[in-house]
């Protein structure tokens with residue numbers, strides 16, 4: 001049986017993919033032992049590129065080649081603009097994050113990289129490029145969330161972040177992203193692979209930056 | 001006091017705007033006397049450009065110049081991709097519309113025109129162009145829905161179509177669209193005006209095509 005295009009890209013992204021999925025940041029988040037200051041730094045940086053992520057989703061809506069795909073991206077954009085955005089705001093409040101703590105820290109290099117690659121993918125007007133970035137951003141998160149031990153941490157800041165990335169709707173969305181990449185990616189294989197591999201590297205670098213060894 | 005940019009465009013669209021808002025199709029829809037075959041023709045044609053409308057919303061998400069605007073368009077795209085799309089499917093079922101009745105009729109000229117202008121506005125990558133089309137598509141619908149006599153028709157096919165275009169969230173969204181057009185439109189006044197006026201003409205032509213005099 002021929003390897004699916006999305007599986008091929010993922011295989012080629014090793015060992016970086018697995019290093020990100022198994023990162024100390026993730027395992028400590030999932031078992032509830034992540035120190036609050038690390039979670040604060042993470043959420044502040046992660047929320048920084050929600051704007052660029054929505055830009056990328058908008059480009060996916062605009063460039064998708066079927067009505068059904070557009071409807072799925074539209075519903076996902078709705079979820080990101082409501083449930084996921086308010087999660088950040090509720091988490092900042094629960095963690096006592098002051099406005100200055102959100103606005104003053106500089107973007108880490110990976111945060112700046114994420115902003116740039118999402119806008120770059122949107123600017124290509126290539127559905128395949130958008131799909132490549134989205135497959136990593138969502139697929140890698142599903143992959144670690146699926147590995148989270150049960151029961152989940154009591155703290156909603158941890159538990160809800162896991163649940164946002166492991167629930168039936170999200171699993172179905174990631175399966176849809178893979179099927180779409182399998183369908184349209186091979187016609188733009190080099191472009192898709194370039195965006196995919198760079199995004200995987202950013203995911204690992206993002207976790208490394210927020211929770212480096214020795215911190 | 002200076003006239004707002006959005007108000008100026010609307011004034012210049014008269015008498016076409018008012019002819020659309022006061023069209024026999026709308027008044028009969030609102031008082032519950034619209035014949036079912038006309039409503040079927042209307043919904044079949046209107047659903048045809050939901051795909052292009054989502055493309056335009058995606059472009060608005062991708063080209064908006066603030067995070068807050070992107071969030072609002074994202075939530076609206078979520079609503080269109082869920083509540084509004086399922087309204088069509090439920091209405092088709094309630095009206096006994098067979099698949100062939102949905103697929104076989106040719107696009108009317110205004111339907112083809114809507115598809116084209118929405119994709120054209122999306123392709124400009126101009127936020128002002130997207131806003132101009134959206135201000136007409138949503139603002140003109142709010143304008144007639146606000147005039148609907150109460151109580152509303154019993155038939156959900158009529159009542160829900162009115163409610164989708166006159167509820168607090170929709171009113172707030174139209175106010176947002178106007179404020180955004182006032183803010184960014186003047187810098188691209190000719191482009192915005194061109195899209196705005198052509199879209200108003202299409203709205204009237206769409207109602208005329210689906211419910212011409214004598215039908």
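Every read-out reported here was derived from the displayed coordinates using simple, explicitly stated rules and does not represent laboratory data. Quick caveat: nothing in here was measured; it's all calculated off a predicted structure. Glycine also receives a Cβ, built like all others from the backbone with ideal geometry; neighbour counts cover every protein chain displayed.
Listed values, structure above:
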| item | result |
| --- | --- |
| Likely footprinting exposure, A:215, A:147, fewest C-beta neighbours within 10 Å first | A:215, A:147 |
| Of A:48, A:70, A:98, the one that fluctuates the most in a GNM where chain A has Cα springs shorter than 10 Å | A:98 |
| Using a 7 Å Cα-to-Cβ projection, residue A:176 label spacings across copies, nm, ascending | 2.1 |
| Point-to-point label distance, residue B:102-residue B:171, nm (Cα→Cβ direction, 7 Å offset) | 3.3 nm |
| Distance between the stretch A:8-49 and the stretch B:29-87 - C-alpha centres, whole angstrom | 37 Å |
| Euclidean distance of C-alpha centroids, the stretch A:121-200 and the stretch B:184-206, integer Å | 38 Å |
| For chain B, calculated [θ]222 nm from helices alone, where every DSSP H run of n ≥ 4 adds -39500 (n - 2.57) | -23500 deg cm²/dmol |
| Inter-chain shielding of A:113-126 (mean C-beta neighbours from other protein chains, 10 Å cut-off) | 1 |
| Distance (nanometres) between label positions extended 7 Å along Cα→Cβ at residue B:14 and residue B:191 | 2.9 nm |
| Rounded to 10°, Cα long-axis angle of helix A:189-210 versus longest principal axis of chain A | 0 degrees |
| Scaled radius of gyration (Cα, divided by 2.2 N^0.38 Å) that the stretch B:5-210 gives | 0.98 |
| Evaluated over the stretch B:149-200, the Cα radius of gyration and Dmax, each in Å | 15.5, 46 |
| Relative contact order (%) - criterion: Cα under 8 Å, at least six apart; region: chain A | 38 percent |
| Inter-copy spacing of residue A:116 label points, which lie 7 Å from Cα along Cα→Cβ, given in nm from shortest upward | 4.2 |
| Virtual spin-label span in nm between residue B:116 and residue A:95, 7 Å along Cα→Cβ | 5.2 nm |
| Kirkwood Rh in Å, taken over all unlike Cα pairs in the stretch B:1-120 | 16.8 Å |
| Under 13 Å from the residue B:33 label point (7 Å along Cα→beta-carbon), backbone N, the stretch B:159-186 | none |
| Globularity ratio of the protein assembly as shown, using Cα Rg and 2.2 N^0.38 Å | 1.07 |
| Chain A: most fluctuating residue of A:66, A:108, A:16 per GNM, C-alpha cutoff 10 Å | A:66 |
| Across the identical copies, how the residue B:68 labels are spaced - nm, sorted shortest first, 7 Å along Cα→Cβ | 3.9 |
| Shielding by partners - mean other protein chain Cβ count within 10 Å, residues of B:66-74 | 6 |
| Closest Cβ on chain B to the rotation axis that carries it onto A (distance rounded to whole Å) | B:78, 1 |
| For chain B, built as a Gaussian network whose Cα springs stay under 10 Å, the top-fluctuating residue of B:65, B:166, B:31 | B:65 |
